[in-house]
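Before any comments, here is the structure.
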Amino acid sequence: MAGARELPPDEVLVQRLRDGDEETFALVLDTWSGSMLRLAMSFVSTRDSAQEAVQDTWLAVIKGIGDFEGRSSLKTWVYRILVNTAKARGTKESRTVPFTSLLPEEEGPTVDADRFRAPGEPYAGHWAVGQKPQPWHIPEDHVLRGEVREVIAEAIDELPPRLRTVITLRDVAGYGSEEVCDLLEISPGNQRVLLHRARALLRRKLEKYLSGAHDVAGGRGRA
Amino acid sequence: MNCGEFVELVTAFLDGAMDEPTELRCLTHLAECDGCETYLDQFRQTVAVLGEQPAQSLPTEARDQLRGAFRALWRD
Ligand SMILES: [Zn+2]
């Protein structure tokens, strides 16, 4: 799957879809369905249901492509249909993920307070002795890099739904912050809090993984 | 600014979403704190790896059905 093909610009893409060019349809289908699946998972309770949401979205796209007005990018339009479809499913499964306000567990520090010098100590709030982040080396080797990606993939799946939604859109699917705020109807401030929290959790996973695995030749045994 | 404050500002810093004085305080802190410089770099690397996530994919069956639906629309 590495090196996904570049998609042509929107005007070309839309025209070809309207002309019934099946190769183009297959191309967008294959390029976007992966991140759409992951995004749908944030709103519904099972993988099957996420898959159905993605399928329903594509059917709506096929039927609606003639009405697409080009006011947003094609991708944003498709993803907005997905979000609406998945949300509706989630509501039916009574698993709504409202974004209007932050939950208590989404606020507060993202780095363990123990890693900083305690208040009252000299240099309070600065990294404590032995707690400073140690530089990493993410391997360039394909296999090992693949392992790192797997660690991240698992960690994404374990994130609370709202954090997963935002980080999937921003960092996996590559949306800008404004688009994400639009898509989820969420304030820029809340979007940033959720994204920051999600990234901090994933950074910690990587830190744990890389510090445990780096010296071990040929495997991920414990140090 | 101390490290505990800096680590909460990294996403705003990377998004360029802070006012100038705060950005300047971040830059000043970074210039003298290698721990936070490392933290920032690790955040960047985490984001980079996230962007490399291989796509999950629809099962072949679902994919074929959708291609069929697309084709069908143009047949009639
Ligand atoms: Zn610092």
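Heavy atoms of the protein chains alone define the surface here; on that basis the stretch A:59-214 has 52 Å² accessible area per residue at 1.4 Å probe size.
Of the three principal axes defined by the Cα atoms of the protein assembly as shown, the extents in descending order read 78, 45, 37 Å. FRET efficiency for the pair residue A:31 and residue B:2, taken as 1/(1 + (r/R0)^6) with r the Cβ-Cβ distance and R0 = 41 Å, rounds to 0.40.
For the pair B and A, how large is the buried accessible area, both sides, in square angstrom to the nearest 100, if the probe is 1.4 Å? Don't jump to the answer; show the numbers that get you there.
On the way: alone 6300 and 13920 Å², together 15650 Å².
Rounded to the nearest hundred, the buried surface is 4600 Å².
Going through the DSSP H helices of chain A, which span 18 Å or more along their own axis at the Cα atoms while scoring at least 0.0 as a mean Kyte-Doolittle hydropathy? Length and hydropathy pass: A:22-41. Solvent-accessible surface, computed for protein heavy atoms with a probe of 1.4 Å, shrinks by 50 Å² or more for the following residues of the stretch B:1-45 when the other protein chains are added to the isolated chain: B:3, B:8, B:11, B:15, B:39, B:42, B:43, B:45. Of A:184, A:102, A:82, the residue with the greatest mean-square motion in the GNM of chain A, using alpha carbon springs below 10 Å, is A:102. Can you give me the Cα centroid spacing of the stretch B:1-69 and the stretch A:106-142 in angstrom? Using only Cα atoms to place each centre, the spacing works out to 17 Å.
Helical runs assigned H by DSSP (4 residues or longer) give chain A a calculated mean residue ellipticity at 222 nm of -18500 deg cm²/dmol, each run adding -39500 (n - 2.57) before division by the residue total.
Scan the stretch A:178-215 for GluC sites (Glu not before Pro) in coil per DSSP, keeping those whose Cβ has at most 10 other Cβ atoms within 10 Å, and list them by number.
Details: sites: A:178, A:179, A:185, A:207; in loops: A:185.
Taking the stretch A:178-215 and a limit of 10 other Cβ atoms within 10 Å, the loop GluC sites (Glu not before Pro) found are A:185.
In the structure shown, the pairs A:75/A:208; A:63/A:87; A:87/A:208 are assessed against 27 Å; a Cα-Cα span above that value is assigned to A:75/A:208; A:87/A:208.
Roughly speaking, to the nearest percent, how much of the protein assembly as shown's 1.4 Å accessible area is carbon and sulfur? Walk me through the intermediate numbers first.
Details: 7870 of 15650 Å².
Whole-percent figure for carbon plus sulfur exposure: 50.
A cysteine counts as unpartnered when no other cysteine's C-beta lies under 4.7 Å of its own; in chain B this applies to B:3, B:26. If only the Cβ of Lys and Arg carry +1 and only the Cβ of Asp and Glu carry -1, the dipole of the stretch B:1-50 around its Cα centre is close to 140 debye.
Between residue A:47 and residue A:99, the FRET efficiency from the beta-carbon distance, with R0 = 30 Å, is close to 0.85.
The values are calculated or read from the model by the stated rules, or taken from the named source; none is laboratory data. For clarity, every value in this text was computed on a predicted model and none was experimentally measured. Please note: Cβ atoms are built from the backbone with ideal geometry, for glycine as well, and neighbour counts cover all protein chains shown. Note: areas computed on protein heavy atoms with side chains; ligands, DNA, RNA excluded. Shrake-Rupley method; radii C 1.70, N 1.55, O 1.52, S 1.80 Å.
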